[in-house]
Amino acid sequence: MNFDDIRPYTDLEVPEAMSRIAALDVAPQIMRFVYPDDDVQLKLKQLAEIKSTRELQATFMNDAIKRILAITTDGLTHSGLGYLRRRGNYLFVSNHRDITLDAFLLQHLLLEKKGRTSYIVFGDNLLSMPAAAELFRCNKMISMHRGGTPRAFYESLAHLSAYIHLLVADWHRSVWIAQKNGRAKDGLDRTAPAILKMLAMGSDASPREALAELNIVPMSISYEWDPCDVMKANELALSREGEYKKAPGEDLASVVNGIQGYKGMVHLAVGKPIAASELDPPAGGDIFEHVAHLLDRRIAGAYRLMPSNYAAYDMLSGISRYHARYNTATVRELERRTSALADDTRRRLLLEQYANPVKSMLELRKGTN
């Protein structure tokens, strides 16, 4: 099959693409951000001379992630990487908070700890940004087409699934994909069974065998502070009011805010891989619902709760159940963020973004998640 419409650039195509990226009007600004103490023109020349995806990731991309972590976070911690074989092939099914950073932080850790990065599935809405589109395609990113007629959409999903199976099962590469379409703007991490159905479409085997050959690994990422929390609360409110329509440039604003905004502590957790024996649903059960539920439990169980989560939960519940896990500065910061919103509905939606992971943890302990 021909996957040219969704695949990333090959190493033969990277040099020409890097020359185009270095010539973009925004390139000097990007270089000044990543390398504030270096000569911009020299760094642009070096960027234009990159010859492969691995060289790009080991130099510019890794330097960019380190710079973002240094100036916008209080540190990145991680857990569960020991579950992964150094040259293993996996499908990472992840919760989704930030448009680009969730997967880029995984790539950063895989490069540093395991020596080989993963491919990334992202929505083709990001291709509307020329600079991002070029950089993404040089960075192992796979385009997921959205929209069109129901038949065209179905065919595009089958096409994507076949490519993922080719990468993971045949070429022994790893791929990252979000657990549902779009970010979890309400803080509830729920795997869409439709994603699992899509993943099974790319194989001629039974659904169970198709999922088994992908070596599914749950992944969970948590940010102490979400730079896009106010935007998400407004979007959720408008969606529920039936008035939301994405504005031109909104995706770009979310990407930029997510990269530049303060995030506090960040934790990336790799959960226990799902064994083939765990894929069997209870008698009469649906395999996709079963695996979605299993992923939800593993993702919620691995999620690192932050002081902001506990404080928001107490603020919404009106009790001080977790007062020992945060301080007054955390409460004041939540109050500052909610004060930027126009009404109580939006303020509650923002607090729920932070509080809902605590609710998921409590449901998990009760066995109801």
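The values are calculated or read from the model by the stated rules, or taken from the named source; none is laboratory data. On a predicted model such as this, the values are computed, not experimentally measured, just so you know. Using ideal geometry, Cβ is built from the backbone for each residue, glycine included, and neighbour counts are taken over all protein chains shown. SASA here: full protein model, heavy atoms, side chains in, ligands and nucleic acids out. Shrake-Rupley method; radii C 1.70, N 1.55, O 1.52, S 1.80 Å.
Consider only pairs whose beta carbons are under 8 Å apart and that are at least six residues apart or on different chains; among these, list those whose first residue lies in the range 238-257 and is within 22 Å of Thr345 (Cβ to Cβ) and whose second residue is part of a loop (DSSP other than H, G, I, E, B) and of a type in the set (S, T, N, Q).
none
For the range 316-350, name all the residues that are surrounded by 10 or more Cβ atoms within 10 Å (Cβ to Cβ) and under 20 Å from Arg240 (Cβ atoms).
Leu316, Arg337, Thr338, Ala340, Leu341, Ala342, Thr345, Arg346, Arg347, Arg348, Leu349, Leu350
Can you work out which of the residues in the range 267-282 that are hydrophobic (A, V, I, L, M, F, W, C) and surrounded by 15 or more Cβ atoms within 10 Å (Cβ to Cβ) is farthest from the chain's Cα centre (by Cα)?
Top of the filtered list is Leu279.
Residue by residue through the range 203-250, note down the ones that are in contact with a Phe, Trp or Tyr (Cβ under 7 Å, 6 or more places away or on another chain) and not in a helix (DSSP H, G or I).
Asn215, Val217, Met219, Ser220, Ser222, Trp225, Pro227
State whether one or more residues within the range 173-190 are open to solvent by less than 30 Å² (accessible area, probe 1.4 Å) and out of contact with any helix residue (DSSP H, G or I) (no Cβ under 8 Å at 6 or more places or on another chain).
yes
Taking Ala70 as the residue in question, decide whether it is free of Cβ contacts under 8 Å to residues at least 24 places away in the same chain, small (Gly, Ala, Ser), surrounded by fewer than 18 Cβ atoms within 10 Å (Cβ to Cβ) and under 29 Å from Ile195 (Cβ atoms).
Considered against the rule, which asks whether it is free of Cβ contacts under 8 Å to residues at least 24 places away in the same chain, small (Gly, Ala, Ser), surrounded by fewer than 18 Cβ atoms within 10 Å (Cβ to Cβ) and under 29 Å from Ile195 (Cβ atoms), Ala70 comes out as no.
Hey, can you tell me all the residues within the range 1-34 that are open to solvent by 80 Å² or more (accessible area, probe 1.4 Å), within 14 Å of Leu135 (Cα to Cα) and assigned to a helix (DSSP H, G or I)?
Glu16, Arg20
Residue-wise test of (1) of a type in the set (Val, Ile, Thr); (2) in contact with a Ser or Thr (Cβ under 6 Å, 6 or more places away or on another chain).
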| site | (1), (2) |
| --- | --- |
| Ala302 | no, yes |
| Tyr326 | no, no |
| Val331 | yes, no |
| Ser339 | no, no |
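Identify, from the list Gly264, Gly285, the residue that is at pLDDT below 95 and open to solvent by less than 60 Å² (accessible area, probe 1.4 Å).
Gly285 is the lone residue from the list that is at pLDDT below 95 and open to solvent by less than 60 Å² (accessible area, probe 1.4 Å).
So Tyr303 ticks every box in (1) of a type outside the set (Lys, Arg); (2) open to solvent by 50 Å² or more (accessible area, probe 1.4 Å); (3) under 20 Å from the mean Cα position of the chain (by Cα) but one. Which box is left unticked?
Result: Tyr303 fails condition (2) only.
Among the residues of the range 138-159, count how many are more than 21 Å from the chain's Cα centre (by Cα), closer than 14 Å to Ile195 by Cα and of a type in the set (A, V, I, L, M).
Residues flagged as more than 21 Å from the chain's Cα centre (by Cα), closer than 14 Å to Ile195 by Cα and of a type in the set (A, V, I, L, M) within the range 138-159 amount to 1.
Collect the residues in the range 311-369 that are of a type in the set (Val, Ile, Thr) and part of a helix (DSSP H, G or I), keeping them in residue-number order.
Across the range 311-369, the qualifying residues are Thr328, Thr330, Val331, Thr338, Thr345, Val358.
Checking the structure you have, find out if any residue of the range 237-260 is open to solvent by 40 Å² or more (accessible area, probe 1.4 Å), polar (S, T, N, Q), in contact with a Ser or Thr (Cβ under 9 Å, 6 or more places away or on another chain) and closer than 26 Å to Ile6 by Cα.
Looking through the range 237-260, none of the residues is open to solvent by 40 Å² or more (accessible area, probe 1.4 Å), polar (S, T, N, Q), in contact with a Ser or Thr (Cβ under 9 Å, 6 or more places away or on another chain) and closer than 26 Å to Ile6 by Cα.
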